[in-house]
1. Could you list LEU46, LEU70, LEU313 in order of exposure, starting from the residue whose Cβ has the fewest other Cβ atoms within 10 Å?
2. Label-point separation (nm) for LYS224 and ALA247, each offset 7 Å from Cα along Cα-to-Cβ?
3. Taking R0 as 45 Å, what's the FRET efficiency between ALA299 and ILE201 from their Cβ-Cβ distance, rounded to 0.05?
4. Using +1 on the beta carbon of Lys and Arg, -1 on that of Asp and Glu, and nothing else charged, what's the dipole of the range 120-204 about the Cα centre, debye to 20?
5. If you put +1 on each Lys and Arg Cβ and -1 on each Asp and Glu Cβ, how big is the dipole of the range 123-259 around its Cα centre, in Debye rounded to 20?
6. Given a Förster distance of 41 Å, report the FRET efficiency between ASP39 and ALA93 from their Cβ-Cβ distance, rounded to the nearest 0.05.
7. Hey, can you grab everything whose amide H is under 5 Å from the amide H of PHE257? Only 5+ residues off in sequence or another chain; H modelled, so Pro and N-termini drop out.
8. Between ALA307 and ALA338, what FRET efficiency follows from the Cβ-Cβ distance if R0 is 35 Å, with the result rounded to 0.05?
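Values quoted throughout were computed directly from the atomic coordinates according to the rules given, and no laboratory measurement underlies them. Since the model is a prediction, treat every value here as computed from it, not as a measurement. Backbone-built Cβ (ideal geometry, glycine too); neighbour counts: all protein chains shown.
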Amino acid sequence: MKKRGLTFRLIVGGLLLVLAPLSIVGYMTVSRVSAVLSDMALESKLNLSRSIADMTRLFLTEEMKLVAGLARDDTTVTAVAAVADAGAGGAAAAVAALSENLAGLTGALGPQYETLYAISADGRIFADNADGVAVGIDISGREYFQKVRAGAETAVTVVRSKATDRLVLIVCRPVLRAGRFIGAFGAAISMDDFIRAVVDIRVGQTGYPFIVDGQGLVLAHPKKEFVLSMNLAGEAGMRDITRGMLAGEKGVAPYVFEGIEKIAAYAPVPVTGWSVCVTQNADEAMIQARRVRRFVLLAVGVFTALAVIGVLLFARRVGAPLRRVMGGMREGAHQVAAATAQISAASQGLSDSSGRGALSIRRIADTLDGVVETTGVNARHARDAEDMVRSAAAAVREAFGALDQLDSAMGQI
C-alpha cells in the first residue's frame, strides 16, 4: 500500500474533524426541524378544520333552534292539529292564520329564509310564507320527513332549490300532540352566505376546506360541480379518509385525489353527522420542511467548501515548513549515521591498539608482581633481624644492670 504524504494526511484529518460534527449536526437539525414543521403544518390544518366545524355547528344550531321555536308556536300547533283532525279543507281558518303569520315573519327573518311551511301527517304542505307556492307539494317520500315522522327530534339536509337553483338547508321539526306525531314544520334556508364563508378560506395556494354529509356526499366545495354530485365514499383514493370522516372521527391522513397526493385534516359536526375537511397538496404542505432542509444542506455545503479551502491552505502553509524540517532532520540523520560509522571504525582501531598496550601492561604488571613479592620477603627478613637486635640490646642492658649492682656491693665492702 502506497504511503501517503504529510499534506494528504493533514487534509484528510482536517476534513474529518470539520465534516464529521458538521454532518451530524446537519442531519439532526434537518430531521428534528422537518418533523417539528410537519407536525405544526398538520396541527394547523386540524385546528382550522375544528374551527370551521365549530362555525358549521353554530350555524346549524341557530337554524335548528329557530325552526324548533316556530314548530312550537301556538299558531303552528293549532293549524297542524286542525288539519290532522279535519283535513286542510276543514281547517281553512287555522291554515289562513298560519299562512299570514309565516308571511309576516319573512321580512323579520330576512331573505335567506326562502320558504317556511307546515306539513300534514301524510306529508303534504298545507301552508307557507310564499302565497301558497309550495302548498299541495307531497314530501312524504323525502328522507328528512321520514326521519321526523319516525321520531327524530330534528332532520337536516341540503338540497338544490327548484325555484332558485341555489343550495338550501332544509330543517324539519315534528309537531306533536300528547307525544304523538300529527305533522311537521320545515324551513328552506339559503346556504349561499355560509358556503361562501367556508369555500373562501384558502390554505396556501392549493389548500381549501370542504364539507360532506353523513353519507360522504359533498355539500360545500370550491368546485361547484362537485356539490351534491360527488360522493367521496366512492372515490378510490379517498376511501380510508372518508371512512374516518363518516365515523365522526377527527384526525389527519394522506390521500390521493385525481392523481395528486394530498394531506387532509378533518373534524366532525356532531349535530348533523357532517364532517369538515381541510386539504392541501402534500408538496405544498411540506414546503417549509423542504425549505429548511435545503437551507441546512446549503449551509453544510458552504461550510464544507470553506473547510476544504481552509484545510488546504493550512496544509500547504504548515506542510512546506514541516517538509523542510523533516528534510533537515533526515540530512542530519544521514550525517550522524556517517559520523557514527567513522567513530565506529576509529573505535575499532583504538580497540586493537588498546589490546596490544594492554598485553604489554599485563607483562609489566607480572614483573612488578615479582618485584613486590621479593621486596615482601626482604621486608620479613629485616623485621626478623630487627627483633634479634632488640633482644640483644635488652640482654646488654640487663648485663649493665648486674655490673652496676656488683660495683655497688664492692663499694660497700
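1. Numbers: LEU46 18, LEU70 21, LEU313 10.
By the 10 Å Cβ count, ascending: LEU313, LEU46, LEU70.
2. The answer from the label model is 3.6 nm.
3. That gives a FRET efficiency of 0.80.
4. Working: 12 positive and 10 negative charges, 54 e Å.
Computed charge dipole of the range 120-204: roughly 260 debye.
5. On the way: 17 positive and 15 negative charges, 79 e Å.
The calculation lands at about 380 debye.
6. Working: r = 66 Å, r/R0 = 1.61.
Once rounded, the FRET efficiency stands at 0.05.
7. LYS262
8. Details: r = 45 Å, r/R0 = 1.27.
Working from the Cβ atoms, E equals 0.20.
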